[in-house]
Amino acid sequence: MLGRRGSLRFLAAPPFVWLTLLFILPLLMAIAISFRPHVGPISFVTGWDLSLLQYKKVVDSPSWLRLLGISIGMAFVIAAVATVLAFPIAYFLAFRARARAPIFLVLLLVPSATSFLLRVMAWKLLLGSNGAINSFLIWIGLIREPIGLLLYSQAAVIITLIYVWIPFAALPIYAALQRIDRSHLEAAADLGSGPWTRFYRVTVPLSFPGLVATFVMVFIPTIGEYVTPVLVGGTKGIMYGNLIQDFFTRAGNWPLGSALAVVMLGVTLLLVVVALRIVDLRRVVA
Amino acid sequence: MPAQFRTARRCLALLAASAIVLAACAAPNKLLVLEWSGYEKPDFWTDFKTASPDTAVSFEFGISDADILAKMEGGSQADIFHFYTGWQQFYVDEGMVKEIDTSKLTNWDKVPDSFKKLGQVNGKQYYLPWDWGFTSILYNTDKVQGEITSWDALLDPKYAGHISMWDDGPAAVTVSAYIHGWDETKITDDQLAQIEAEWKAQKPLNLHYWTGEYDDLCPEVESGDIWVAYDWQGCYATVLYDGSQPVAYANPKEGRNSWVGLYGISSKTANYDLALKFLDDKLATLSCSNAVTQFYYGCANQDVMAAVDDPVLIKAFSLDDPSILEHTNFTPPVTAAQRDAWTEMWSRVKSE
Amino acid sequence: MLVLLYLPIVLLAVFSLNNGTTLTFPLKGFTLTWYQAMVGDQALLGAARNSLVVATAAATAATALGFAVSQAVLRFRFTGRRLLLGLAGAPLVVPFVVLGVALFLLFTALGIPRSLLTIAAGHSVVALPYATLILLARMVGLDPALEEAAMDLGATYPVTLRRVIIPLLGPSLLSAWLTCFIVSFDEVALANFLAGGDPTFPVFLYGQLRFAQRLPVLIAMAVVLMIGTIILTLIANRLRSRD
């Protein structure tokens, strides 16, 4: 028989243990390995002559830290633009679509249900010099020679990722807009405010927490993105996540890769703390 | 009843014991090969497949020599691993490789001595050479004026936006060492700093760095987007065959690079004899010639190479130039310190 | 803008029915070749099957754990309550590449070979915040008096759980499960580091994408999976809005 204390233990223990083993422990492991000076077999038993060598390398390589800055900047732009562009879609769905809302919801789900990688790939095929855009324009006779590569640039990475995130960003905003009590808008209308005033004095402030949550949900994963840059970024669209990936899958230097990952983790958490300072999370959750 | 019960128990015990014995004896007929992607194609080990149809061969993939080494260090269960010249010493030093018992190989006498020697460390035959080829510059003769005669074409701003370098630090160091006439095995810190600066300056000239010869290099050579590329001869032969672009494969004055792919047998393997058989069969005529005719990579069976009569392949392997190997440079062994310094240098170049 | 949202997908669908290996105009005529090839492609089907297995396992673990977190946090006052809630949400703020390499190092150090199981373990962690958020939102709206009444009438907590709480939460549990399933099914950044020789569909796709001649078959598979995912998502949504 489980008492109340027993029930609590029965509920709280599994997630605590699970997250300790599969979330906290691996992160601690990565932190520990980032202090190991040597490349070579990784074991719990040997190789624990700790040093700051890897971090010294990070500090001595300004281009790595600069790339982290660039990646954060890119993630900021991507998250901001995706959130802003997703807003009208969600707004339309919540306030204008009415009876047809379920159909529009399906339409919105189509892109998010398509494989992430293939949507990235679709842009590569669209933008390439033999791609669909160029071959289509040549076929209808508008151009003779393919227009120069739109692919393989920072801009290609940013455009592709914005595209990939928009449908995903629209859903939480849609949920936030749905929760807005229509009587607030009616009250504002009764008090004589026009549609625009209602929009930016009532709708936007009330959906703001949802917008912030959406921004963060796009921003964090984008900082660590490494798949899209490989496919459409070329040499100029590389992101910080690619460096980490390189040291693990290409250069086989796990201690240095770990140090770079720890630096990214630290900076990301710092940004989250700052964001929480600026926006009261309790309002977002409530 | 007790007697019957005892019999039943004895039967059960016997059954359990035989199950354990069976499990232990029936050494699973399985081989795991740590490979570069593309080599898993059954045509490249067809002789083994035919001779041992009940053996399940599976593959794990690495994307660079450093990656293959790291995967072995990380406790890969692979019985066999595949890497290239330059990386022989590490596996021996770290006790990860078993010696090749050449007396059990039926195809060993078909391997040229110079290749056998590349598979030796400390005087012992640790590796079996299999594929080989060149590294040089593949270029589009429509877009490039005149002949390319030096490795420095890869760093020439004339071809801005249409160059593609392989995404690999040690390869970049090798190219720079050739250009400057430096000894690859004795690159100083100052020289490495200069190499880093030069490749940083070269970075914007690339369309992109390529990672797989047939994946993201060749399609864009065929489409005409890449004019000048660091290339093994595989893409060169491909484009010669399909005629999509007019191309040439340079003979730089510093010499081409040559490489040999080596197979090692893991010291952890429980199937040494099976692994050895797999490697021996890879040297057999059909498997080897499939590598030559389908993948356009050379093979260590010299009878197979001597029988090549396809003009494209003769051109691709420069088989019409008997002195070609004399003016190419084999990749010398790298040390752990060089390996780390060079991959870190490349990472700084990429992030520039 | 909406055109831009759909153009790439429409193109993918069109080219999956086009009789040519390259994705260029003009179209070469209608064919079902790629769908036929897909049905015969063992590696591709195997990868899709692996994804189903991984996503099912990950979603089940994440939903069960998310349920435990939300129950513990809402129905009990205890030290570590805020810690538990914070911990359950924390995977949302760690970039996948960081968690991916960290789990990779852990499994390597422990000598655990990478497999579908390691991918599922990783996915259960990143899906947990979604399950927790969905279930919390629903549980906040549930009247605790129902459970208390059951307990007062002598039901033990497990009985209350089985007879009262789970039936009340049923649709939300399913909706949380489906959301976690979809998160896991399309995830590649983490899975890349945790996959052994047996890839999930996105990992397989990532490895094959650069072989141009393979594309039409891959796209055909993706179109089939897309339709499946949409149906699942619609069910999830229907269930959520019914509560």
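The values are calculated or read from the model by the stated rules, or taken from the named source; none is laboratory data. The structure displayed is predicted, hence computed values, not measured ones. All Cβ positions, glycine included, derive from the backbone under ideal geometry; neighbour counts span all protein chains shown. For accessibility, only protein heavy atoms count, side chains too; no ligands or nucleic acids. Shrake-Rupley method; radii C 1.70, N 1.55, O 1.52, S 1.80 Å.
Let me know the charge dipole size of region B:280-352 about its Cα centre in debye, to the nearest 20, where only the beta-carbon of Lys, Arg (+1) and Asp, Glu (-1) is charged.
Dipole about the Cα centre, nearest 20: 360 debye.
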Give the Kirkwood hydrodynamic radius (Å, one decimal) of chain B, defined as one over the mean of 1/r across all pairs of different Cα atoms. 22.0
Please compute the net charge surrounding B:TYR236, taking Lys and Arg as +1 and Asp and Glu as -1 over other residues with Cβ under 12 Å from its Cβ. -2
What's the carbon and sulfur percent of chain C's accessible surface, probe 1.4 angstrom, rounded to a whole number? 69
Per residue, how big is the convex hull around the C-alpha atoms of region A:99-251? Give it to me in cubic angstrom, could you? 172
Estimated inter-spin distance, C:PHE76 and C:LEU32, nm [label 7 Å along Cα→Cβ]: 5.6
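Order these peptides, B:247-258, B:136-147, by their mean beta-carbon neighbour count within 10 angstrom, highest first. Can you show the working numbers first?
On the way: B:247-258: 19.2, B:136-147: 17.7.
Descending packing order for the listed peptides: B:247-258, B:136-147.
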Partner shielding of B:67-74, taken as the mean number of other chain Cβ atoms within 10 Å, equals 6
With a 1.4 Å probe and ligands and nucleic acids left out, the total accessible area lost when B pairs with A, in Å² to the nearest 100, equals 2400
Average other protein chain Cβ within 10 Å of Cβ, residues A:256-262: 4
Over region C:72-173, how many percent of alpha carbon pairs lie in each 10 Å bin up to the one with the longest distance? 13, 32, 29, 19, 7, 0
Counted charge near B:ASP109, where neighbours are those whose Cβ lies closer than 11 Å (Asp, Glu -1; Lys, Arg +1): 0
Classify region B:24-117 from the C-alpha gyration tensor, please: rounded if a/c falls under 1.5, else prolate or oblate depending on whether a/b exceeds b/c. rounded
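Work out, step by step, the length gained on full extension between B:THR46 and B:ASP273: first 0.36 nm times the residue separation, then minus their alpha carbon distance; give nm to one decimal.
Taking B:THR46 through B:ASP273 to full extension adds about 79.9 nm, to one decimal.
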Write down the accessible area per residue of the protein assembly as shown in Å², having rolled a 1.4 Å probe over the full set of protein chains. 42
Expected-Rg normalisation [2.2 N^0.38 Å, Cα atoms] applied to region C:65-125: 1.37
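Sum -39500 (n - 2.57) across every DSSP H segment of at least 4 residues in chain A, then divide by the residue count to get the 222 nm mean residue ellipticity, nearest 500.
After summing the helix terms and dividing by the residues of chain A, the value is -22000 deg cm²/dmol.
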When you count, for each residue, the other Cβ atoms within 10 Å and take the mean per peptide, how do C:140-151, B:92-103, C:218-229 rank with the highest first? C:218-229, B:92-103, C:140-151
Pair-distance profile P(r), taking every C-alpha pair of chain C, with 5 angstrom steps and integer %: 1, 6, 11, 14, 14, 14, 12, 10, 7, 5, 3, 2, 1, 0, 0
Beyond 25 Å (Cα-Cα) in this structure, taken from A:LYS57/B:LYS350; B:LYS30/B:LYS268; B:LYS49/B:LYS117; B:LYS158/B:LYS350; A:LYS124/C:LYS28, we find B:LYS49/B:LYS117
Using 7 Å Cα-to-Cβ label points, what is the B:PHE330/A:SER51 separation (nm, one decimal)? 3.3
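Mind checking the full-extension length gain between B:THR293 and B:ASP113? Use 0.36 nm per residue of separation minus the Cα-Cα distance, one decimal, nm.
Additional length available on full extension: 62.5 nm.
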Report the paramagnetic label zone for A:GLN178: residues of region A:93-115 whose backbone N is under 15 Å from a point 7 Å from Cα along the Cα-to-Cβ axis. A:93-109
In region C:57-198, with Lys and Arg counted as +1 and Asp and Glu as -1 at Cβ, which of these residues, C:SER175, C:ASN192, C:ALA62, has the Cα nearest the positive end of the dipole, that is, farthest along it? C:ALA62
Classify chain A from the C-alpha gyration tensor, please: rounded if a/c falls under 1.5, else prolate or oblate depending on whether a/b exceeds b/c. oblate
Thinking of the protein assembly as shown as a set of Cα atoms, what percent of all their pairs are more than 43 Å apart? 37
To the nearest 500 deg cm²/dmol, what mean residue ellipticity at 222 nm is calculated for chain B from DSSP H runs of n ≥ 4 alone, each contributing -39,500 (n - 2.57), summed and divided by the residues? -11000 deg cm²/dmol
In region B:262-325, what trypsin sites (Lys or Arg not before Pro) fall in a loop by DSSP, with at most 15 other Cβ atoms inside 10 Å? B:LYS268
Dipole size in debye (nearest 20) for chain A around its Cα centre, Lys and Arg Cβ +1, Asp and Glu Cβ -1? 520
Sorted peptide list for B:334-340, C:36-42, B:66-72, criterion being average Cβ within 10 angstrom, highest first: B:66-72, B:334-340, C:36-42
Within 10 Å of each Cβ in B:162-169, how many Cβ atoms from other chains are there, averaged over the peptide? 2
Per the rule of 0.36 nm per residue minus the C-alpha distance, extending C:THR156 to C:LEU4 adds in nm 49.1 nm
Estimated inter-spin distance, B:ASP101 and A:ILE103, nm [label 7 Å along Cα→Cβ]: 7.5
If each DSSP helix of 4+ residues adds -39,500 (n - 2.57) and the sum is divided by the residues in chain C, what number results at 222 nm, nearest 500 deg cm²/dmol? -24000 deg cm²/dmol
State the percentage of accessible surface on chain B attributable to carbon and sulfur atoms; use a 1.4 Å probe and exclude ligands, DNA and RNA. 56
Total formal charge among the other residues, if their Cβ is under 15 angstrom from that of C:PHE193, Lys/Arg +1 and Asp/Glu -1: -3
